[in-house]
1. Given the DSSP H assignment, sum -39500 (n - 2.57) over each helix run of at least 4 residues in the chain and divide by its residue total; what's the result at 222 nm in deg cm²/dmol, nearest 500?
2. Beyond 20 Å, how much of the Cα-Cα pair distribution for the chain remains, as a whole percent?
3. Output the 0 to 90 degree angle, nearest 10, between the alpha-carbon long axis of helix 153-163 and the longest principal axis computed from the alpha carbons of the chain.
4. Which FRET efficiency value, to the nearest 0.05, do you get for residue 100 and residue 23 by plugging their Cβ-Cβ distance into 1/(1 + (r/R0)^6) with R0 = 22 Å?
5. Which residue, 76, 18, 114, has the most motion in a Gaussian network model of the chain that connects Cα atoms within less than 10 Å?
6. Would you order 95, 199, 142 from fewest to most other beta-carbon atoms within 10 Å of each residue's own beta-carbon?
7. How large is the Kirkwood hydrodynamic radius of segment 137-211, in angstrom, based on all distinct alpha carbon pairs?
8. Out of 136, 196, 165, any idea which swings most in a Gaussian network model of the chain, alpha carbons joined below 10 Å?
Amino acid sequence: MTTSTARRPPTLRTLPNPGVAAAVLALTAAFAIAALLGPSLVANELGMTMSMGMTHYMELLAVHQPRNLIVFMAIPVVLAETLAITELAILFLRDATPAWVRTTSRVAGLLAGPVMVAIFLHLLINAVIPLTLTGGWRGPADVIAVLFYLSGVVPFAGITLVELGVIGTGDGQALKLHAIFIAIFLVVAHVAMIFGMLDPALLGYQMAHQH
């Protein structure tokens, strides 16, 4: 006796309604305005001797504790880890995935883009452009750490666009793009951490008064 098993169609994410898209756009705009017009979170109150021996990445996390650590490290990392864990659950469980897991993944995905866009704009205006114009970079490690950190805006924005149904609307494309973007973010974030924790002198940086 032969039997045939009907294949179930791939599970597709339910696309948010226009109201969700409008809310995310408004949130992004609000975060962007605050990032551009709000006070600089980069201002350094550490002693020169301490700050010059570290990259600007580490200096950013060290000043204004615990605020900067929460804003620039904890929030992006928590969002990334939440997305990674819920994505694994969705990939393994598929249709059996609990509703709260999918909701958590969606909320984290919708927040990821606005949060990282705000961080990118704030650091671009208050750190990257001033450092570039004044020659204030502390060697290659400094540049690599900051630029890799800021490049996280690409995968995070991509995840939000997937959740909004702007990209990845084909069969199985949403899950695939989600996984790819999460992987990219984790890679660039860890590269930023590694180079950010280096003593800039290890890659040839010397303070202006050193010979």
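The numbers here are math on the coordinates, done by the rules we state, and not lab data. Computed from a prediction, not measured in an experiment: that's the story for all the values here. No Cβ is skipped: glycine too gets one built from the backbone with ideal geometry, and neighbour counts run over all protein chains shown.
1. Numbers: 9 runs with 128 residues, N = 211.
The helix-only estimate for the chain comes to -19500 deg cm²/dmol at 222 nm.
2. On the way: 13678 of 22155 pairs.
When all Cα pairs of the chain are counted, 62 percent exceed 20 Å.
3. So the helix axis and the longest Cα principal axis differ by about 20 degrees.
4. 0.60
5. Answer for the Gaussian network model of the chain: 18.
6. On the way: 95 7, 199 14, 142 24.
So the residues, fewest neighbours to most, are 95, 199, 142.
7. Evaluated on segment 137-211, it is 14.0 Å.
8. 136
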